[in-house]
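The values are calculated or read from the model by the stated rules, or taken from the named source; none is laboratory data. Since the model is a prediction, treat every value here as computed from it, not as a measurement. Cβ placement follows ideal geometry from the backbone for every residue including glycine, while neighbour counts extend to all protein chains displayed. Please note that ligands, DNA and RNA were not included when accessible areas were found on the heavy atoms of the full protein model with its side chains. Shrake-Rupley method; radii C 1.70, N 1.55, O 1.52, S 1.80 Å.
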Amino acid sequence: MAKRTPPLMPRAQRQLRALGERLRTARMRREMTQGDLAARVGVSVPTIGKLEAGDMSTSFSTVVRVLTALGL
């Protein structure tokens, strides 16, 4: 059976999208591709894409590893 995630409030959705945009901006400032970042973090490229789109269905440890790889 698939995992069900409760819906987020609109404000939380906006904040997650904003976080994703900031992650993308930080990655691009460092002239990294999604593939480069994914390789450093040890995840797939679609996972990085999900994070940048504001989809936080990945684990918290993955988010922390992305932040660390970006030096944030």
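Can you tell me the length gained on complete extension of the stretch S44 to A12, counting 0.36 nm per residue apart and subtracting the Cα distance?
Values: separation 32, 0.36 × 32 = 11.52 nm, distance 2.50 nm.
The S44-A12 span can extend by a further 9.0 nm.
Considering only protein heavy atoms, what is the solvent-accessible area of E21 at a probe of 1.4 Å, reported in Å² to the nearest 10?
So the heavy atoms of E21 present about 120 Å² to solvent.
Going 7 Å from the Cα of R29 in the Cα-to-Cβ direction, what parts of segment 48-69 have a backbone nitrogen less than 13 Å from that spot?
Taking a point 7 Å out along Cα→Cβ of R29, no residue of segment 48-69 has its backbone N under 13 Å.
Quick check: at a probe of 1.4 Å, how many percent of the accessible area of the chain sits on carbon and sulfur atoms? Before the final figure, lay out each step's value.
On the way: 2980 of 5260 Å².
So the carbon and sulfur contribution to the accessible surface is 57 percent.
Calculated from DSSP H runs of 4 or more alone, at -39500 (n - 2.57) each and per residue, what is the 222 nm mean residue ellipticity of the chain, nearest 500?
Values: 4 runs with 46 residues, N = 72.
Rounded to the nearest 500, the figure is -19500 deg cm²/dmol.
How much accessible area per residue does the chain have, in Å², with a 1.4 Å probe? Display every interim value, and only then the final one.
Details: 5260 Å² over 72 residues.
For the chain, the solvent-accessible area averages 73 Å² per residue.
Counting alpha carbon pairs within less than 8 Å and at least 6 residues apart, what relative contact order, in whole percent, applies to the chain?
Details: 51 pairs, mean separation 25.6, N = 72.
For the chain, the relative contact order is 36 percent.
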